[in-house]
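The values are calculated or read from the model by the stated rules, or taken from the named source; none is laboratory data. Quick caveat, the model's predicted, so the values are computed rather than measured. Each accessible area value is taken on the protein alone, full model and side chains, heavy atoms only, with ligands, DNA and RNA left out. Shrake-Rupley method; radii C 1.70, N 1.55, O 1.52, S 1.80 Å.
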Amino acid sequence: VYTDGLASLSVFIERKSELTQSGVSSMGAVNAFIRILQDHSITAIGEVPPVTVRLFAESVSYQPR
């Protein structure tokens with residue numbers, strides 16, 4: 001969870017399912033962006049502009065050990 005005290009944004013990483021679709025969606029003031037990275041989905045959601053959730057989701061990277 002990221003916050004500036006006024007707005008907040010959460011990032012979730014989970015295994016991709018067959019039903020997972022990437023893209024942006026909105027409901028009122030809440031925006032979400034789902035990105036597929038290998039076999040995981042990265043979801044950023046919050047009361048921030050669509051460009052912000054997209055930037056957060058796209059900033060996640062995979063680094064194998």
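Full extension of the chain between V1 and D39 gives 11.4 nm of extra length, using 0.36 nm per residue less the Cα-Cα distance. On the accessible surface of the chain, probed at 1.4 Å, how many percent belong to carbon and sulfur atoms? C and S fraction of accessible area: 55 percent. For the chain, the longest principal axis of the Cα atoms and the long axis of helix 50-59 meet at an angle of about 30 degrees. With θ taken as phi - 60° and the Karplus curve 6.51 cos²θ - 1.76 cosθ + 1.60 applied, the whole-hertz 3J(HN,Hα) list for the stretch 8-23 is 9, 9, 10, 10, 10, 10, 8, 5, 5, 9, 5, 8, 5, 10, 7, x Hz, x standing for glycine and proline. For the chain, the solvent-accessible area works out to 77 Å² per residue, with a probe of 1.4 Å and every protein chain left in place. Legend: residues F12, F33, F56, sorted from most to least accessible area (1.4 Å probe; ligands, DNA and RNA excluded), read F12, F56, F33. Annotation: D39 carries an accessible surface of approximately 70 Å², with a 1.4 Å probe and no ligand, DNA or RNA atoms counted. Amide H to amide H distances under 5 Å link H40 with K16, where only residues 5 or more positions off or on other chains count and H is placed in the peptide plane.
What the phi angles of the stretch 26-32 give under the Karplus curve with 6.51, -1.76 and 1.60, with θ = phi - 60°, is a coupling list of 9, 9, x, 7, 9, 10, 9 Hz, glycine and proline written as x.
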